[in-house]
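Step one of this worksheet: look at the structure below.
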Amino acid sequence: MGMDNFKSGIPSQTSTNNSSSQVWSFVSAPALHPMKVFINVKKLGTASGLIFVAPYTSYKATMIGQTGALIMDQAGNPVWFRPLSSRYIQNTDFRVQSYKGKPVLTMWQGTISGTQSADPNLPAGDPEPGAYYLIINQNYKVIRRFTAKKGFTADVHEFTITKRNTALFTAVKQVPADLIPYGGPADGYFDNYSIQEVDLETGELLFFWDVLAHVNPADSMLPASSATSSNNIWDCFHVNSVEEGPNNTLLISMRNMWAIYLVDKKTGKILWQLGGKKSDFTFGPNATFSWQHDARFRPGTRISMFDDACCASSSSRPEGPARGLILQLDFQNMIANVNRTYYHDPTLYVPSQGNVQKLSNGNQFVGWGQEPYLSEFKNAGNTENDPSLNLLYDMQFPDQNLSYRAFKNKWVGLPLYPPSIAVNLLSKDTAIVYASWNGSTETASWQVLAGPTPRTLSVVIFSTPRTGFETDIDVNSVGPYFQVNALNSSGQVIGTSRIARLSKRQC
């Protein structure tokens with residue numbers, strides 16, 4: 001799957017559910033069918049910004065709407081949707097970053113093993129060969145597309161643009177190995193990971209860290225015997241986040257080691273390990289974690305993560321409920337203590353994925369991974385016994401749709417393509433005009449023009465407020481020619497649609 005499968009025409013996604021109660025449909029944008037969401041909790045005090053998700057689902061589940069990259073407002077209205085051509089192609093890690101001082105959208109694109117077959121050829125969650133990363137500018141134009149180096153596949157988990165405008169990401173490759181010493185098959189493979197840094201201008205590989213060369217597979221919490229259910233490939237590490245830290249270090253999370261590592265970038269040496277079989281830290285009450293994702297530095301000597309506490313396989317028992325977790329690291333005594341916890345209400349058991357994001361106002365934003373929720377909490381957090389405490393916002397996706405991570409970011413979208421228009425006859429004297437502009441964050445209202453010929457259009461509605469993704473506007477005219485102008489909050493025209501004509505059958 002080496003080609004970008006997004007086309008401007010109507011995507012065809014098989015095995016999707018386009019029930020109107022769960023999926024958006026728009027008269028002016030008939031190719032777009034993003035999922036509808038439900039807002040369970042909405043209280044005062046949430047951070048400003050838009051919500052970024054990349055919906056998909058597992059092979060056995062019905063996909064509600066289209067896969068792709070979706071920006072929503074806090075009411076759940078789509079703002080921008082980039083659908084993919086098949087449910088068997090996905091985006092992950094969709095968010096706003098900065099490149100050369102300008103805001104951009106970034107994401108991974110490819111096929112996730114376990115979404116296209118009941119009998120996947122790779123361990124669940126692995127990227128299929130041909131995956132790549134995308135950088136998209138404020139005009140929604142792809143400005144960079146690149147893959148991993150050294151025979152590795154671009155991985156779903158992490159792609160960060162550094163302050164040096166380089167790309168730091170995870171990548172995976174299957175390495176032949178005799179797994180008998182570990183309790184696995186003789187003709188097996190390590191699912192080996194690397195951390196790579198690439199110059200986005202030249203494509204040059206600037207940094208490479210080979211996990212197998214530095215971490216002992218024997219310390220994995222996932223038994224090597226599990227390889228027999230995934231083409232003899234043992235997913236012993238499962239690297240799922242990397243972040244640059246102070247003094248040229250990297251913070252790396254490995255789910256199947258139950259551990260987070262600090263690595264010296266210059267020497268490649270592991271400076272310390274938090275969690276797992278060889279932890280350099282002991283743990284205070286309720287501080288242990290397992291199957292974790294998204295390890296991040298926090299101010300002071302704190303580390304945040306999404307603690308899945310569940311599950312290597314369908315036969316595994318959860319260690320506990322999922323939570324956002326911030327740990328305080330005491331380097332003098334090498335003890336990790338709980339600083340904050342963020343539990344969902346009601347309690348969730350999350351087998352994979354998830355993230356915790358610090359927001360601009362200090363709130364914490366949690367994507368619940370394999371469970372179809374995202375939430376926002378006051379910084380103070382809550383406890384397992386009082387999960388509604390400090391929960392300000394909770395969104396639920398339809399059915400078994402999920403997003404690997406979820407983010408809240410500020411974003412200004414300035415599409416170069418024109419607004420979309422459609423028009424239908426409402427009565428013998430009136431028409432209904434449908435106006436939308438996929439990705440425009442600056443459209444505040446719409447102006448409608450109508451006339452008997454394309455060259456004799458005049459304004460019939462000077463300004464009507466934008467409502468959600470698509471605005472329906474009743475017009476006391478039958479045209480039969482119509483056009484819309486998008487207006488910003490100052491009333492300036494920022495975009496003009498094509499001219500639409502009522503069909504002769506309607507006129």
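Could you pull out the residue among ASP394, ASP399 that is in a strand (DSSP E or B), touching a strand residue (DSSP E or B) at 6+ places or on another chain (Cβ under 8 Å) and not aromatic (Phe, Trp, Tyr)?
Going through ASP394, ASP399 in turn, just one is in a strand (DSSP E or B), touching a strand residue (DSSP E or B) at 6+ places or on another chain (Cβ under 8 Å) and not aromatic (Phe, Trp, Tyr): ASP394.
Determine which member of the set ALA131, ALA124, ALA118 is touching a residue at least 60 places away in the same chain (Cβ under 8 Å), surrounded by fewer than 22 Cβ atoms within 10 Å (Cβ to Cβ) and under 23 Å from ASN256 (Cα atoms).
Every option except ALA124 fails the conditions.
Would you mind stating whether THR106 is over 22 Å from ASP199 (Cβ atoms), surrounded by 18 or more Cβ atoms within 10 Å (Cβ to Cβ), modelled with pLDDT of 95 or more and not acidic (Asp, Glu)? Show your work before the answer.
Values: over 22 Å from ASP199 (Cβ atoms): no; surrounded by 18 or more Cβ atoms within 10 Å (Cβ to Cβ): yes; modelled with pLDDT of 95 or more: yes; not acidic (Asp, Glu): yes.
No, not satisfied.
Could you list all residues from the range 46-60 that are at pLDDT 95 or above and not in a strand (DSSP E or B)?
Step one: list which residues in the range 46-60 are at pLDDT 95 or above, which gives 46-57.
Correct list: THR46, ALA47, SER48, GLY49, ALA54, PRO55, THR57.
Residues that are part of a strand (DSSP E or B) and of a type in the set (D, E, K, R): does the range 66-81 have at least one?
no
Give the residues of the range 382-428 that are among the charged types (D, E, K, R), under 29 Å from ASP472 (Cβ atoms) and out of contact with any Ser or Thr (no Cβ under 8 Å at 6 or more places or on another chain), sorted by residue number.
LYS408, LYS428
Looking at the range 364-385, can you tell me whether even one residue there is surrounded by fewer than 18 Cβ atoms within 10 Å (Cβ to Cβ), among the aromatic types (Phe, Trp, Tyr) and closer than 23 Å to TRP24 by Cβ?
no
With the condition being without any contact (Cβ under 8 Å) to a residue 40 or more places away in the chain, of a type in the set (A, V, I, L, M, F, W, C) and assigned by TED's automatic domain parsing to the domain that holds GLY495, I'd like the strands (runs of 3 or more DSSP E) fully within the range 416-467 carrying at least 2 qualifying residues.
Result: 445-451, 458-465.
Can you pull out every residue in the range 232-255 that is surrounded by 15 or more Cβ atoms within 10 Å (Cβ to Cβ), over 26 Å from the mean Cα position of the chain (by Cα) and either among the polar types (S, T, N, Q) or at pLDDT below 95 (or both)?
Listed by number, the list holds a single entry, ASN232.
I'd like the full set of residues that are at positive phi and under 18 Å from the mean Cα position of the chain (by Cα), limited to the range 111-158.
The first filter runs over the range 111-158 and keeps only residues at positive phi, leaving 114, 125, 130, 140, 150-151.
GLY114, GLY125, TYR140 - these are the residues of the range 111-158 that are at positive phi and under 18 Å from the mean Cα position of the chain (by Cα).
Taking the range 195-208, which residues are in contact (Cβ under 8 Å) with a residue 40 or more places away in the chain and more than 28 Å from GLU319 (Cβ to Cβ)?
GLN196, VAL198, LEU200, GLY203, LEU205, LEU206, PHE207, PHE208
A quick yes/no check of all residues on (1) touching a strand residue (DSSP E or B) at 6+ places or on another chain (Cβ under 7 Å); (2) small (Gly, Ala, Ser); (3) farther than 22 Å from LEU250 by Cβ:
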position	(1), (2), (3)
GLU158	yes, no, no
LYS163	no, no, no
THR166	yes, no, no
LYS173	yes, no, no
ALA177	yes, yes, yes
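Please determine, by comparing only the residues of the range 186-212 that are in a loop (DSSP other than H, G, I, E, B) and of a type outside the set (A, V, I, L, M, F, W, C), which one is surrounded by the fewest Cβ atoms within 10 Å (Cβ to Cβ).
THR202
In the set PHE306, PHE289, which member is crowded, with 20+ Cβ neighbours inside 10 Å and either small (Gly, Ala, Ser) or in a loop (DSSP other than H, G, I, E, B) (or both)? Can you show your working first?
Values: PHE306 fails: either small (Gly, Ala, Ser) or in a loop (DSSP other than H, G, I, E, B) (or both).
Criteria check complete, one pass: PHE289.
Would a scan of the range 456-471 turn up a residue that is surrounded by 19 or more Cβ atoms within 10 Å (Cβ to Cβ) and among the small types (Gly, Ala, Ser)?
no
Can you tell me how many residues in the range 286-304 are closer than 21 Å to PRO246 by Cα and of a type outside the set (A, V, I, L, M)?
Final tally of qualifying residues: 10.
Go through SER85, SER117, SER12 for me and flag whichever is more than 26 Å from GLU376 (Cβ to Cβ), in contact with a Phe, Trp or Tyr (Cβ under 9 Å, 6 or more places away or on another chain), modelled with pLDDT under 95 and not in a strand (DSSP E or B). Before the answer, list the steps.
Numbers: SER85 fails: modelled with pLDDT under 95; SER12 fails: in contact with a Phe, Trp or Tyr (Cβ under 9 Å, 6 or more places away or on another chain).
Just a single option satisfies the conditions, and that option is SER117.
Residue check: is ASP394 surrounded by fewer than 21 Cβ atoms within 10 Å (Cβ to Cβ) and among the charged types (D, E, K, R)? Outline the logic, then answer.
On the way: surrounded by fewer than 21 Cβ atoms within 10 Å (Cβ to Cβ): no; among the charged types (D, E, K, R): yes.
When the stated conditions are applied, ASP394 does not pass them.
So how many residues does the range 213-268 have that are of a type in the set (Gly, Ala, Ser), in contact (Cβ under 8 Å) with a residue 40 or more places away in the chain and part of a loop (DSSP other than H, G, I, E, B)?
2
The values are calculated or read from the model by the stated rules, or taken from the named source; none is laboratory data. No experiment lies behind these values; they were computed from the predicted model shown. All Cβ positions, even for glycine, are placed from backbone atoms using ideal geometry, and neighbour counts span all protein chains on display.
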